[in-house]
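This is the structure I want to talk about, given as structure tokens.
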Amino acid sequence: MAAVKNKHVRLSKSYIGEVKNQTRHGFGVYVYPNNFFRYEGEWKMGVKQGNGKVVMKDGSYYEGEFVNGEIEGNGVRYWAKTGSTYSGQFSAGELHGFGVFQHGNGEKYEGEFAWGLREGHGLLVDRDGQTYEGCFHQNKRHGEGRMHYRNGDVYEGSWIRGQRQGHGTMHFSNSSVYEGQWRSDQVCGEGTLLHCSGVSYEGLWNNGRPAGEHGAQISDQLLLALQNLSPARRDGGVTGTDTHLD
């Protein structure tokens, strides 16, 4: 029996393209009944398969690979409302695998995703140029990572749900250094602060303040340095919760 060749026909009001045995097969354009979606690309026996592009009524689109009718593989997603783009891997229509997300507000993330969220290792650069490189979990900084703040401070250490927690080191822009324990984004537990003046304090800390027996004798220079550990200075913009992925 001779093979049935693909024909380029208008199969219905909503589809024009190649068909095989009266089924969408090959290249074609399909407009969904609600007129909100338009697909242009490859088909296999009535199912989107191969490379194609889905365009939404507001101008948003996905362009890339399809498998068994699903967005699957490598592609590009664009959100018209925010101007955000994502280029990378997808699974079942979700950002999944490695990719680059460029937010319309200037923030950029390059790294691993799992089901639409930052998950694994990545590099986040906010609109002010601050950077975080390290581990993420459910879209937040979580695990080991390094943060460069816009004022020149650098923190390297442990993070829990977007906050500095566990052991970490802060190198301040004035050359002062704190190394020790953190909790809920504040120095808390055993730690050492070496002030750029040469004054130092080693011992117990509680909520960003010395708590050991010599804490009350701390010098004015060191008290000034402690102000740089306050919540007002610590964040500078990258909250880590935080980039909504549209």
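Values in this text are rule-based calculations from the coordinates and carry no lab data. Being a predicted model, the structure only gives us computed values, none of them experimental. Neighbour counts run over all protein chains shown; Cβ positions are idealised from the backbone, glycine included.
Looking at Val67, Val54, which is the one that is surrounded by fewer than 18 Cβ atoms within 10 Å (Cβ to Cβ) and more than 13 Å from the chain's Cα centre (by Cα)?
On inspection, the qualifying residue turns out to be Val67.
Moving on to the next point. If you take the residues of region 139-163 that are free of Cβ contacts under 8 Å to residues at least 24 places away in the same chain and over 18 Å from the mean Cα position of the chain (by Cα), which of them is surrounded by the most Cβ atoms within 10 Å (Cβ to Cβ)?
Taking the candidates together, the pick is Tyr155.
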